[in-house]
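Enquirer: Have a look at the structure that comes next, please.
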Amino acid sequence: MKAARLVGPRRFEFEDVPMPSLKDGEVLVKMEYLSVCGSDLRMYDRVFPEEEYPLRLGAPCHECAGIVEESRDERFRPGQRVIALQAGGLFEYAAVPGGRIVPVPDAGDPAMWVLCQPVGTVLYATQQIGTVLGKRAVVLGQGPIGLSFTDFLARGGARQVIAVDLLDYRLSMAAKLGATHTLNPRNVNVQEAVAEITGGALADVAVEACGRPETCQQVFDVIRQEGTAIIFGIAHDEDVFPFDWTAMTNKLPRMIVTNSARSGNMPEDVAATVDLVSQGRLTVSHLLTHRMSWQDVGKAYETYSNKLDNSLKVVMSV
C-alpha cells in the first residue's frame, strides 16, 4: 500500500509500505478522506534539522475518514463508514484501536464526516465554558476552529459574538454563522473596538483560537475583570515567546486550556458532533472549501498553509 510523509521542508514523498497487521480489538480502515488541520502545520511549516528528515510515516495528518475493511472489534462491521482518530493518517490503510473509531451514517456526502473531528474538539471546548446565554464573547482567529467557536457561541445565545481575523473572507463567514460584529486588526485597534462595542464592559469570554503570540496576549486585553479566557490554539511557528504576565494577572482571569485529544474525550465529542450533523441541527459544509486527491498532498498543504483561494478546510480523497 501507499503512504506519504515529509522528507524535507514542505516536501512530501509517497512510499510503498506493508499492509498493517490487525490485532484483537483493532479495526482495519481503508482511508477515503483526509483533511488538513492547523496543528499539522507545526510539522509542515517548520524547518527541522536535516538529520531529522524524513519524518515519521503518515504525518502530519490526523483527520481521517474511511470504510471498515476488516474488524476485530464486534462493534464494527466491514463496509461501515467511520471516522478514524488516527495520529498519522497519510496511509491507504490503517489499523486503529476500536476505541478510536466513530461510526458515521452511510447517507450524505462522506467527505463531510471527516470535518466532525475538528468541530468535535470545539464542541468539547465550548462545554468547558458553561452557559454563554446573554454573555459577550470575543473569538480571536476565524480559521475553521475559530469559526466553529463563533458558530457554537452564537447558537448558545451569546449576547454579542465579536469575531476577529486578518482575512476579510473569514470574517464574512463568521457573520453568516452569527457573529454580531467582525473586526480586522489591519483596520482597527481590537482592544478599543471591543471596548466600544461592549459599552466599556469588555468580553465575558475570550477565545484564543489560532496559537499566535499576538492573539495569546490579546485575549487578556479584551476580557473584563475576572472574565474567562479559553486557550485553544496550538503554538504554530514557535513554542516559546515573550508574554506580558502583568496584563494577564491584572485581569484575574479564569483560564481554561482545552484540548480534547489530551482529555480522552475526543471519541465521545466527535460522536456527539456526528449526531448533531446527522440530525440536521448542525452543519459543517461551510468549512469544506477545497477538494483534492491525496496524490496532490503537497498542493493541499500549501493551499491550507498559505490560505490560498479563500481556503478553509482542504479535504483529500484517497
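Enquirer: Can you name the residue in segment 81-92 that is assigned to a loop (DSSP other than H, G, I, E, B) and among the aliphatic types (A, V, I, L, M) and is also modelled with the lowest pLDDT among such residues?
Expert: Result: Ala87.
Enquirer: For the condition out of contact with any strand residue (DSSP E or B) (no Cβ under 6 Å at 6 or more places or on another chain), farther than 21 Å from Leu288 by Cβ and surrounded by fewer than 17 Cβ atoms within 10 Å (Cβ to Cβ), what is the one hit in Pro18, Pro54, Pro105?
Expert: Result: Pro18 is the single residue among Pro18, Pro54, Pro105 that is out of contact with any strand residue (DSSP E or B) (no Cβ under 6 Å at 6 or more places or on another chain), farther than 21 Å from Leu288 by Cβ and surrounded by fewer than 17 Cβ atoms within 10 Å (Cβ to Cβ).
Enquirer: How many residues does segment 216-227 hold that are assigned to a helix (DSSP H, G or I) and surrounded by fewer than 21 Cβ atoms within 10 Å (Cβ to Cβ)?
Expert: 2
Enquirer: Based on what the data block shows, is Pro78 without any contact (Cβ under 8 Å) to a residue 12 or more places away in the chain and either acidic (Asp, Glu) or outside any strand (DSSP E or B) (or both)?
Expert: The answer is yes for Pro78.
Enquirer: Among the residues in segment 249-266, are any among the aliphatic types (A, V, I, L, M), more than 16 Å from Ile145 (Cβ to Cβ) and not in a strand (DSSP E or B)?
Expert: yes
Enquirer: Could you identify the single residue in Thr289, Thr273 that is crowded, with 17+ Cβ neighbours inside 10 Å, under 18 Å from Val114 (Cα atoms) and free of Cβ contacts under 8 Å to residues at least 40 places away in the same chain?
Expert: Matching residue, one of Thr289, Thr273: Thr289.
Enquirer: Of the conditions (1) over 24 Å from Pro118 (Cα atoms); (2) in contact with a Lys or Arg (Cβ under 8 Å, 6 or more places away or on another chain); (3) part of a strand (DSSP E or B), Glu70 fails just one. Which one is it?
Expert: That leaves (2) as the condition not met.
Enquirer: While we're here: Give me the pairs: first residue in segment 192-207 and outside the structural domain of Phe220 (by TED's automatic domain parsing), second residue of a type in the set (Ser, Thr, Tyr) and in a helix (DSSP H, G or I), beta-carbon distance under 8 Å, and six or more apart or on different chains, which are they?
Expert: none
Enquirer: Residues in segment 228-242: is at least one in contact with a Pro (Cβ under 6 Å, 6 or more places away or on another chain), surrounded by 20 or more Cβ atoms within 10 Å (Cβ to Cβ) and within 28 Å of Ser39 (Cβ to Cβ)?
Expert: Yes, segment 228-242 contains a residue that is in contact with a Pro (Cβ under 6 Å, 6 or more places away or on another chain), surrounded by 20 or more Cβ atoms within 10 Å (Cβ to Cβ) and within 28 Å of Ser39 (Cβ to Cβ).
Enquirer: Next question, about the same structure. So Thr150 ticks every box in (1) over 13 Å from His286 (Cβ atoms); (2) crowded, with 19+ Cβ neighbours inside 10 Å; (3) among the β-branched types (Val, Ile, Thr) but one. Which box is left unticked?
Expert: Every listed condition holds for Thr150 apart from (1).
The values are calculated or read from the model by the stated rules, or taken from the named source; none is laboratory data. Values in this document were obtained by computation on a predicted structure and should not be read as measured data. Cβ sites come from the backbone with ideal geometry, for glycine too, and all protein chains shown count toward neighbours.
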